[in-house]
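Heads up, the thing below is written out as structure tokens.
The values are calculated or read from the model by the stated rules, or taken from the named source; none is laboratory data. This structure is a prediction, so every number in the text was calculated from the model and none was measured. Neighbour counts are summed over all protein chains in view; Cβ atoms, including those assigned to glycine, are modelled from backbone coordinates with ideal geometry.
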Amino acid sequence: MGRIILTDMSMIGCLRRLGDADVARLLAEPALIHHYLDPDAEQSEGFGPFVDLEVEKAWHGIQFLLTGTAWAGELPLSFLVSGGVEVGDEDVGYGPARALTSEQVRAIARALARIDEQELRARFDPGAMMKADVYPRIWDRRPEEDDSLGYLVAHYEALREFIAGAAEAGEAMLVYVI
């Protein structure tokens with residue numbers, strides 16, 4: 001799987017819930033991903049309706065808090081940077097989108113349910129995150145100036161809720177960075 005190259009531009013982590021049939025269609029016809037991710041084309045190709053979540057720039061920090069690494073780890077916890085199947089070679093921002101099946105989404109939801117806010121806060125190590133070059137490299141800022149941990153926790157809670165909803169609905173998921 002391709003690795004995301006970090007740049008100075010904003011890199012926004014995105015997730016989209018979808019059915020396993022839509023995943024199969026995208027994997028069979030990867031060029032459809034561009035139409036699929038276009039908000040104006042939601043119903044025109046028979047996809048949707050869509051449920052999306054942007055975790056903004058928190059995606060890489062959450063990855064680190066879940067796995068203790070910037071790029072390593074295995075499913076279910078490394079889902080923000082690896083796992084699933086790339087939707088062809090179609091670049092949707094910073095590489096291809098990755099599709100995770102409904103079964104994988106259920107496993108991710110179970111794993112995230114075991115990691116609450118207190119556990120996530122206990123894993124926060126600004127020095128280690130800076131050393132590992134975790135995007136966007138804001139982790140060592142003074143909390144009274146920039147609550148980077150609060151930023152991660154807020155996005156993590158939204159992510160947990162989003163994935164729990166997808167698992168409950170029996171949905172698959174796309175993960176991509178724009």
(message) With the requirement that a residue be outside any helix (DSSP H, G or I) and either among the basic types (Lys, Arg) or touching a helix residue (DSSP H, G or I) at 6+ places or on another chain (Cβ under 7 Å) (or both), what does region 149-176 give you?
(response) GLY170, GLU171, ALA172, MET173
(request) Kindly provide the set of residues from region 87-118 that are in a helix (DSSP H, G or I), closer than 28 Å to LEU149 by Cβ and charged (D, E, K, R), ordered by number. (result) ARG110, GLU117
(message) Looking at the structure I just gave you, is ALA99 under 17 Å from HIS155 (Cβ atoms), under 17 Å from the mean Cα position of the chain (by Cα) and crowded, with 17+ Cβ neighbours inside 10 Å?
(response) no
(message) in contact (Cβ under 8 Å) with a residue 60 or more places away in the chain, crowded, with 23+ Cβ neighbours inside 10 Å, among the aliphatic types (A, V, I, L, M) and not in a strand (DSSP E or B): is that true of VAL81 in this structure?
(response) yes
(request) Could you check VAL134 against (1) crowded, with 21+ Cβ neighbours inside 10 Å; (2) under 12 Å from the mean Cα position of the chain (by Cα); (3) not small (Gly, Ala, Ser) and say which number it fails? (result) (2)
(message) For GLY88, only one of the following conditions fails: (1) under 24 Å from GLU157 (Cβ atoms); (2) surrounded by fewer than 19 Cβ atoms within 10 Å (Cβ to Cβ). What is its number?
(response) (1)
(message) So THR69 ticks every box in (1) under 19 Å from GLU157 (Cβ atoms); (2) among the β-branched types (Val, Ile, Thr); (3) at pLDDT 95 or above but one. Which box is left unticked?
(response) (1)
(request) Would you point out which residue out of ARG141, ARG121 is part of a loop (DSSP other than H, G, I, E, B) and surrounded by fewer than 16 Cβ atoms within 10 Å (Cβ to Cβ)? (result) ARG141
